[in-house]
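Reviewing the structure listed below.
What follows draws every value from the coordinates through simple rules; no lab data is involved. None of these values were measured; they are calculated from a predicted model. No Cβ is skipped: glycine too gets one built from the backbone with ideal geometry, and neighbour counts run over all protein chains shown.
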Amino acid sequence: MEDARQIVLISPTGYAHHPGCHHISPEYLEHPAWAKIALPGIPFPTVDEQRPVTVTIGGRTWTATRRCPDC
Ligand SMILES: [Zn+2]
């Protein structure tokens, strides 16, 4: 089992979420419009306009500039 606290999901609209958030449907974990990144041993990072989280997977780039306020 993966530790859910170490996984960050980035939505197509630029929000960073944890898996298990009520905004996240299980199918989003494999949905191509969502990025799933693993941050082993790192707490959920601060995410804002000054500290965006960017990930590139398969030539596509996601940038989260907001953290979900609910998870
Ligand atoms: Zn959320």
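For a test of the definition: using alpha carbon positions, the gyration tensor, and the 1.5 limit on a/c, classify the chain as rounded, prolate or oblate.
In terms of gyration-tensor shape, rounded.
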Q: Work out the length of the dipole vector of the chain about its Cα centre, built from +1 on the beta-carbon of each Lys and Arg and -1 on the beta-carbon of each Asp and Glu, and round it to the nearest 20 debye.
A: 180
**Q.** Which of 7, 40, 55, positive extreme of dipole for the stretch 4-67 (C-beta unit charges)
**A.** 40
Q: Identify unpaired cysteines across the chain, taking unpaired to mean no other cysteine Cβ lies under 4.7 Å from the residue's Cβ.
A: 68
Q. For the stretch 4-67, what's the relative contact order in percent, using C-alpha pairs closer than 8 Å and at least 6 residues apart?
A. 39
Q) Which GluC sites (Glu not before Pro) from the stretch 17-71 combine a DSSP loop assignment with at most 11 other Cβ atoms within 10 Å? A) 49
